[in-house]
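As structure tokens, the structure follows; a few thoughts come after it.
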Amino acid sequence: MSTTPLRLKELSKKEDLLTGGHRMCAGCGAPIAIRQVLLAAEMPVVVANATGCLEVSTTIYPYSAWKVPWIHTAFENAAATLSGVEAMYRALKKKGKIKERIKFIAFGGDGGTYDIGFQSLSGAMERGHDIVYICYDNGAYMNTGIQRSSATPLGANTTTSPAGKVIPGKLQPRKNLTKIMAAHGIPYVAQTTPAHWRDLMTKVRKALEVDGPAFINVLSSCNRGWRTPTDRAIEDCKLAVETCFWPLYEYENGKLTINQKPKEKKPVVEFLKTQGRFKHLFSPENEHLLKKAQELVDKEWEDLLREERMWKAEEGE
């Protein structure tokens with residue numbers, strides 16, 4: 001991995017490869033994360049971008065906010081498109097037509113990653129393409145009207161899981177895609193947030209350095225879908241980590257490391273109560289869902305702690 005230190009002073013002097021004026025919503029977590037990703041890269045990158053908020057808002061014809069080679073793909077095939085580009089690069093490099101080291105990054109929201117694009121993503125990982133796939137997870141199909149996705153948390157109010165007399169929001173827990181990607185046995189898998197910039201950028205550099213596929217899941221707050229003020233992005237991401245709703249961890253060649261353990265694990269209601277999409281859960285008739293949400297978080301956290309202890313015991317730590 002690169003030994004170049006992550007110092008704010010030096011990073012502030014680097015060119016911003018995602019320009020301002022891109023039309024993403026004020027307060028959106030996605031462009032914060034994408035800027036950090038591109039700042040972390042120490043070599044030329046080619047980007048593939050699945051259809052979604054990021055794509056439509058950064059490339060309104062005839063403009064583009066991207067200062068790197070950028071390819072728009074459909075919702076479902078960002079990983080497949082980038083796999084082809086990476087394969088072409090390897091072929092040209094083998095023939096001596098390209099000598100420069102280039103890396104390949106795909107960006108997709110949870111709709112284009114957890115759901116519509118999962119087959120494409122899984123296939124690219126299984127084939128071993130040397131690409132980094134980064135999901136900006138905002139917990140719903142925000143671009144097309146805030147419909148529920150398999151990343152939407154239990155109880156969330158969306159336009160296709162509306163909280164009311166019939167149902168109290170989404171009835172199913174969210175899919176744990178980070179663990180599913182780890183089960184692919186790829187060299188690097190991680191989970192992070194833009195509120196933890198050093199953690200995010202370190203993980204991006206690790207992902208870019210590995211020889212083979214890598215996946216990073218980034219919690220990306222959406223004030224429109226989460227029903228939060230536009231200045232809450234960073235604070236809400238911090239709360240997600242402090243409550244263990246979104247733990248910071250990584251798998252390096254299959255070995256789990258938890259990167260941050262809260263000194264005092266906050267109850268998940270501290271994360272939920274800041275967001276209007278969970279407002280209905282605080283009614284007396286929905287208290288059972290708050291209890292269930294806490295149980296889900298506790299189980300995932302305990303499972304992670306147990307797995308990390310297993311690795312440490314195996315290595316005699």
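What whole-number value in cubic angstrom gives the convex hull volume per residue for the C-alpha atoms of region 213-317?
Working: hull volume 12.0 nm³, N = 105.
Here the figure is 114 Å³ per residue.
With a point put 7 Å past each Cα toward its Cβ, work out how far ARG224 is from LYS266 in nm, to one decimal.
Label at ARG224, label at LYS266, 2.6 nm between them.
In nanometres, what is the gap between the two model label sites at LEU8 and GLU42, each 7 Å from Cα along Cα-to-Cβ?
Simple spin-label model gives 2.2 nm for this pair.
Any idea what Rg and Dmax come out to for region 1-119 if you just take the C-alpha atoms, in Å?
15.3, 46
Check cross-link reach from LYS9 to the lysines: straight Cα distance under 22 Å, and skip same-chain residues fewer than eight apart.
Within the straight-line limit of under 22 Å, LYS9 reaches these lysines: LYS67, LYS203, LYS206.
Restricting to region 1-150, compute how many DSSP beta bridges are antiparallel as a %, nearest 5. Write out the running numbers ahead of the final one.
Working: 2 of 15 bridges.
Of the beta bridges lying entirely in region 1-150, close to 15 percent run antiparallel.
Which residues in region 251-272 place their backbone N less than 15 Å from a point set 7 Å from the Cα of ARG198 along the Cα-to-Cβ direction?
Residues 259-261 fall inside that zone.
Work out the P(r) tail for region 258-299: percent of alpha carbon pairs separated by more than 14 Å, whole number.
On the way: 457 of 861 pairs.
Distances greater than 14 Å cover 53 percent of the Cα pairs.
With no solvent and one equal point scatterer placed on each C-alpha of region 137-241, evaluate the Debye formula and give log10 I(q)/I(0) for q = 0.11, 0.14, 0.18 Å⁻¹, two decimals.
Result of the Debye calculation: -0.41, -0.64, -0.95.
Within straight cross-link reach of LYS312, meaning Cα distance under 17 Å, which aspartates and glutamates are found once same-chain residues fewer than 8 apart are removed?
Leaving aside aspartates and glutamates fewer than 8 places away in the same chain, those within reach of LYS312 are GLU250, GLU252, GLU302, ASP303.
Percent of Cα-Cα pairs per 10 Å bin, from 0 to the last occupied bin, for region 79-149, please list those.
Here the calculated profile for region 79-149 is 20, 41, 25, 11, 3.
What distance in nm separates the simple spin-label points at ASP16 and THR144, each placed 7 Å from Cα in the Cβ direction?
Output for this residue pair reads 3.1 nm.
Hey, any idea what Rg/Rh is for the chain, computing Rh the Kirkwood way over Cα pairs? Show your work: numbers first, answer last.
On the way: Rg = 19.3 Å, Rh = 20.1 Å.
Looking at the chain, the ratio lands at 0.96.
Among PRO69, ALA183, TRP197, whose Cα sits farthest toward the positive end of the charge dipole of the chain (+1 at Cβ of Lys/Arg, -1 at Cβ of Asp/Glu, about the Cα centre)?
PRO69
Straight-line reach from LYS94: which aspartates and glutamates fall under 14 Å, measuring Cα to Cα and dropping same-chain residues less than 8 apart?
Once the sequence-local aspartates and glutamates are set aside, what remains near LYS94 is GLU86.
If you take every DSSP beta bridge whose two residues both sit in region 10-314, what share of them, in percent to the nearest 5, is antiparallel? Write out the running numbers ahead of the final one.
Values: 11 of 35 bridges.
In region 10-314, approximately 30 percent of DSSP beta bridges are antiparallel ones.
Calculate for the chain the 222 nm mean residue ellipticity that helices alone would give, adding -39,500 (n - 2.57) per DSSP H run of length 4 or more and normalising by residue count, nearest 500 deg cm²/dmol.
Details: 11 runs with 113 residues, N = 317.
Computed ellipticity for the chain at 222 nm equals -10500 deg cm²/dmol.
Show me the ranking of peptides 119-125, 169-175 by mean Cβ neighbours inside 10 Å, starting with the highest. Can you show the working numbers first?
Working: 119-125: 20.9, 169-175: 17.9.
Going by the mean number of other Cβ atoms within 10 Å, highest first, we get 119-125, 169-175.
Grab the beta carbon distance between ASP298 and LYS255, set R0 = 25 Å, and tell me the FRET efficiency rounded to 0.05.
Here the calculated transfer efficiency is 0.60.
Here, each number is a calculation from the coordinates, and none is a lab measurement. The structure displayed is predicted, hence computed values, not measured ones. With ideal geometry, Cβ positions are generated from the backbone for all residues, glycine too; neighbour counts draw on all protein chains shown.
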